[in-house]
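Below you'll find the structure, written out as structure tokens, and then a few comments.
The values are calculated or read from the model by the stated rules, or taken from the named source; none is laboratory data. Small disclaimer: the values here were computed from a predicted structure and weren't measured. Reconstructed Cβ throughout: ideal geometry from the backbone, glycine too, with neighbour counts over all protein chains shown.
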Amino acid sequence: MKEWLLDLLICPACLPAEHSLRARVDDRQRDDILEGRLTCSACGAHYPICSGIAFLEPHRSGPRPESKYETASVLSSYLWSHYGDLLPDPEASDAYRAWAELLRDSCGTGLDLGSAVGRMSFEMSRFCERVVGIDNSVAFIRTARELLQTGRKTFDLRLEGLLTEPVTVILPETWSREGVEFIVGDALALPFRGAGFASLASLNLIDKVPLPLQHLREMNRVARAEGAQLLLSDPFSWSTDAASEADWLGGKPAAPYAGRGLDNVCELLAGRDQHLQPAWRIAGQGHVWWKIRTHSNHFELIRSCYVKAGR
């Protein structure tokens, strides 16, 4: 974990209060903390730093629950989805380039929520001074950090059944990696001080969290009150596997939040019910085609609908 991140961090277990974290460094390499611990100055909660990764989920104890996002097959699919155009693979999409262009007039510090294996974080680094990617998948964050450190990643791409082939992603030398960091954390309890981020991206995440409105509130809390921009893009594939129907922000005929998800998110950003203050100005809407690869003969093509907002 890069030392510059310490200035941004707070204890996620103490929210809505914002209490600093004290770092104990056991091993470092220049400005990178490899092993150590972060401790809350108020509640005394401990957050480990292991192999350079800070684990900042609140109230995490015991073994992690099983998740498909920790499996090798899903990791391979996401690596292809994020970096297939760099292999290069003619079947790959340019979704991350398209999303990044929507935020290109940015500066300051960026936050990539649900960063997965890191492509949007690296894209944002081309115009943000610093970028933090956060995800609750250890496999995703470990892989993103490997790309951050080495600029390359070899993985097994599934062909069919048990057949795979090794492929290597190499990041362009023109991409700056010095100002990027990845951490394990919770999008509903962000371990960051309020009003610290100028650019925020939430891609294909809001329909995967148990409390979508809380996700918006946390994004709003850590965004600057002025001079901030936000990009939220999602297919709005609401499912009770992720959240109860009562907590969906769309996709249902009855209140609360009846109708289409994108419409409701736009209204919430613009000040509906005063959940998100100060209100955001809607700057644009549209969609980006995003693609996931299961194997060489099976792809999912997803229309991810976006809103860009600023204040």
With the condition kept exactly as written, say whether any residue in segment 158-179 is surrounded by fewer than 21 Cβ atoms within 10 Å (Cβ to Cβ) and within 23 Å of residue 226 (Cα to Cα).
yes
Residues of segment 258-311 satisfying the condition of being among the polar types (S, T, N, Q), without any contact (Cβ under 8 Å) to a residue 24 or more places away in the chain and in a strand (DSSP E or B)
285
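Is it the case that residue 159 is assigned to a strand (DSSP E or B) and in contact (Cβ under 8 Å) with a residue 60 or more places away in the chain?
On the way: assigned to a strand (DSSP E or B): yes; in contact (Cβ under 8 Å) with a residue 60 or more places away in the chain: yes.
So residue 159 passes the test.
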Kindly indicate whether any position in segment 89-99 is surrounded by 21 or more Cβ atoms within 10 Å (Cβ to Cβ) and farther than 27 Å from residue 160 by Cα.
yes
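Just checking, how many residues over segment 184-197 are in contact with a Pro (Cβ under 6 Å, 6 or more places away or on another chain) and assigned to a strand (DSSP E or B)? Talk me through it step by step, then tell me what you get.
First pass over segment 184-197, keeping only residues in contact with a Pro (Cβ under 6 Å, 6 or more places away or on another chain): 185, 189, 191.
If we keep only those that are assigned to a strand (DSSP E or B) too, we end up with 189.
Matching residues across segment 184-197 total 1.
Inspect segment 271-287 for any residue being under 18 Å from residue 81 (Cβ atoms) and assigned by TED's automatic domain parsing to the domain that holds residue 83 and give the result as yes or no. Write out each step before concluding.
Quick first cut of segment 271-287, residues under 18 Å from residue 81 (Cβ atoms) only: 287.
Narrowing the set further to residues that are assigned by TED's automatic domain parsing to the domain that holds residue 83 leaves 287.
Looking through segment 271-287, at least one residue is under 18 Å from residue 81 (Cβ atoms) and assigned by TED's automatic domain parsing to the domain that holds residue 83.
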Pull up segment 100-129, narrow it to residues that are more than 14 Å from the chain's Cα centre (by Cα) and assigned to a helix (DSSP H, G or I), then point me to the one that is surrounded by the most Cβ atoms within 10 Å (Cβ to Cβ).
102
Sort through 146, 181, 165, 173 and tell me the only one that's of a type in the set (Asp, Glu), out of contact with any helix residue (DSSP H, G or I) (no Cβ under 7 Å at 6 or more places or on another chain) and part of a strand (DSSP E or B).
165
Exactly one of 255, 242 is under 18 Å from the mean Cα position of the chain (by Cα), over 27 Å from residue 21 (Cβ atoms) and either hydrophobic (A, V, I, L, M, F, W, C) or in a strand (DSSP E or B) (or both), and that one is 242
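Test of understanding: among 2, 68, which residue is buried (at least 17 other Cβ atoms within 10 Å of the Cβ) and of a type in the set (Lys, Arg)? Walk me through it before giving the result.
Values: 68 fails: buried (at least 17 other Cβ atoms within 10 Å of the Cβ).
Among 2, 68, only 2 is buried (at least 17 other Cβ atoms within 10 Å of the Cβ) and of a type in the set (Lys, Arg).
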